[in-house]
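These notes are about the structure you will find just below.
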Amino acid sequence: MNILIVAASPEPIPDLPRDADFVIGVDGGYQRLLDEGIMPDVVVGDFDSFKGSPPEEALRYPSEKDVTDLEIALAFARERGATRMDVYGGLGGRIDMTFANVGLLEAYPEMILHGEGQTVYLVRTGSEVIMKRDGHYLSFMPWKTATISIEGVKYPLDHHEVKSGEALTISNEWTEASARLTVHQGMVLVMIIKK
């Protein structure tokens, strides 16, 4: 099941997809859904970033809690049987929240973060084909350390160990219609970033 989750980033949120099986509005992200003419199936949050009255059936949480509103939405989505979670509004704005949301990829590998001109997701051991996106860079950030191979790019690698304290795998470019990332060991953040 493909679930669309819209959170409340202060940064611009790109156009939302219309083909999700289920839609969750997270706090102020509910307003973005309303602005796009999309009625969410559920709305969650403490509503500290939503200006107005949330719907009566909203799942309300206290502002002082041990999880973020996005974490609540992700857990709810997983309970609903999500096989893919497209999250909008989770990048940009406060850097602590952005890092926290990127960190959630480890617990929710079915999540893909979408922002204005950027897409971020986590790849574990195995291969991933990444289709070329014109006008974008393709960057890879090891989750601590990883051994990877990259093909179909300007700067290929073969069974190369990469570490989080290095910037070797940033700003690569496609040379073919698709690139192939193979993660031999570890985990890698894939970042597709607008030039």
The helix 69-79 Cα axis meets the longest alpha-carbon principal axis of the chain at an angle in degrees, between 0 and 90 and rounded to 10, of 80
With the cut-off at 1.5 for a/c, could you classify the range 1-62 from its C-alpha gyration tensor as rounded, prolate or oblate? oblate
Long-range lysine pairs (8 or more apart or interchain), the chain, Cα under 29 Å: 16
So if I place +1 on the C-beta of Lys and Arg and -1 on the C-beta of Asp and Glu, and nothing else carries charge, what would the dipole magnitude of the range 1-103 be about its Cα centre? I want it in debye, nearest 20. 120
Ignoring any ligand, DNA or RNA, what whole percent of the accessible area of the chain comes from carbon and sulfur when the probe is 1.4 angstrom? 49
Local electrostatic count, ALA179, Cβ distance below 11 Å [Lys/Arg +1, Asp/Glu -1]: 0
Once you list every other residue whose beta carbon is under 11 Å from the beta carbon of VAL43, what net charge do they have if Lys and Arg are +1 and Asp and Glu are -1? -4
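Report, for the range 76-195, the % of DSSP beta bridges that are antiparallel, rounded to 5. List each step's numbers first, then the result.
Values: 35 of 39 bridges.
Among the beta bridges of the range 76-195, antiparallel pairing accounts for roughly 90 percent.
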Where a ≥ b ≥ c are the square roots of the eigenvalues of the C-alpha gyration tensor, would you call the range 106-162 rounded, which needs a/c under 1.5, or, failing that, prolate if a/b is larger than b/c, or oblate? oblate
By how many degrees, between 0 and 90 and to the nearest 10, does the Cα long axis of helix 95-107 differ from the longest principal axis of the chain? 70
Suppose only helical runs count, i.e. DSSP H with n ≥ 4. What mean residue ellipticity at 222 nm does that imply for the chain under -39500 (n - 2.57) per run, divided by all residues and rounded to the nearest 500 deg cm²/dmol? -4500 deg cm²/dmol
Could you compute Rg(Cα) / (2.2 N^0.38 Å) for the range 37-102, with N its residue count? 1.16
Express as a percent, rounded to the nearest 5, the fraction of DSSP beta bridges in the range 1-120 (both residues included) that run antiparallel. 15
Just the accessible area per residue of the chain, please: how many Å² with a 1.4 Å probe? 51
For ALA100, net neighbour charge (Lys/Arg +1, Asp/Glu -1) across residues whose Cβ lies under 12 Å away: -3
Using the Karplus curve 6.51 cos²θ - 1.76 cosθ + 1.60 with θ = phi - 60°, what ³J(HN,Hα) values do you get for each residue of the range 11-20, in whole Hz, with x for Gly and Pro? 7, x, 9, x, 3, 8, x, 10, 10, 5
Using unit Cβ charges (K, R positive; D, E negative) and no other charged atoms, how large, in debye to the nearest 20, is the dipole of the chain about its Cα centre? 520
Would you mind calculating the relative contact order of the chain from Cα pairs under 8 angstrom and at least 6 residues apart, reporting the percent as a whole number? 20
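The values are calculated or read from the model by the stated rules, or taken from the named source; none is laboratory data. Remember, predicted model here, so these are calculated numbers, not experimental data. Please note: Cβ atoms are built from the backbone with ideal geometry, for glycine as well, and neighbour counts cover all protein chains shown. Accessible surface areas use protein heavy atoms only, side chains included; no ligands, DNA or RNA. Shrake-Rupley method; radii C 1.70, N 1.55, O 1.52, S 1.80 Å.
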